[in-house]
Amino acid sequence: MKRRNTATKQKVLQAFKKENRALSHEMLQASLDSIDRATIYRILNRFHEDGVVHKILGADGKQYFALCVDCEEDHHRHDHFHFQCSSCQKMECMEDEVSVSIPQGYQFQSFRGLIVGICSDCA
Ligand SMILES: [Zn+2]
Ligand SMILES: [Zn+2]
Ligand SMILES: [Zn+2]
């Protein structure tokens, strides 16, 4: 049972690596049709807790998940924009780190920057 669970996790991880972009529950389920919906939810939540992925709220109101690349275990940096195609819903992490100054005395907690546009496949 435990081994099976690990194999399933690996499949989800592979899907992220193969697609190389952020994925929603539905996108994952479409590419991993052997895994049921509840299991995908559970694995994604676990990945998020473990700091393997970060969450992005899409323009479509759905949650997307992307692999953490430059994160350290206790220091996550997600201050980059995300690009979402309004035609195919494809979501990608943008490379540039965003630096914005906030008023003195304010504390930075998180950054949510979403660019909506048309990807090269849909243009
Ligand atoms: Zn991270
Ligand atoms: Zn597109
Ligand atoms: Zn990202």
- prompt: Whole-Hz Karplus ³J(HN,Hα) for region 97-104, in order, using 6.51 cos²θ - 1.76 cosθ + 1.60 and θ = phi - 60°, x for Gly and Pro?
  reply: 7, 8, 10, 10, 9, 10, x, 4
message: Taking θ = phi - 60°, what integer Hz values does the Karplus form 6.51 cos²θ - 1.76 cosθ + 1.60 yield along region 113-123, in sequence order, with x for Gly and Pro?
response: x, 10, 9, 10, x, 10, 7, 5, 5, 9, 5
- request: In whole Hz, with x marking every Gly and Pro, tabulate ³J(HN,Hα) for region 83-90 from phi via Karplus 6.51 cos²θ - 1.76 cosθ + 1.60, θ = phi - 60°.
  value: 10, 10, 7, 7, 8, 9, 6, 4
- line: In degrees, nearest 10, the alpha-carbon axis of helix 37-49 is tilted away from the dominant principal axis of the alpha carbons of the chain by 40
- prompt: Sorted from fewest to most neighbouring beta carbons within 10 Å, what does the list LEU28, LEU67 look like?
  reply: LEU67, LEU28
statement: Longest principal axis of the chain (C-alpha) makes with the long axis of helix 2-19 (C-alpha) an angle, in degrees to the nearest 10, of 50
query: Under a point-charge model restricted to the Cβ atoms of Lys and Arg (+1) and Asp and Glu (-1), what is the dipole moment magnitude of region 61-110 relative to its Cα centre, in debye to the nearest 20?
result: 380
query: When the convex hull of the Cα atoms of the chain is projected onto a plane and the area is averaged over all directions, what value comes out in nm²?
result: 9.0
message: Order these by the 10 Å Cβ neighbour count, fewest first: ILE43, ILE118.
response: ILE118, ILE43
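Find the relative contact order for region 2-117 and round it to a whole percent, using C-alpha pairs within less than 8 Å whose residues are 6+ positions apart.
22
Where a number appears in this text, it was derived from the coordinates with a stated rule and is not lab data. Quantities reported herein were computed from a predicted structural model and do not represent experimental measurements. Every residue, glycine among them, receives a Cβ derived from its backbone with ideal geometry; neighbour counts consider all protein chains shown.
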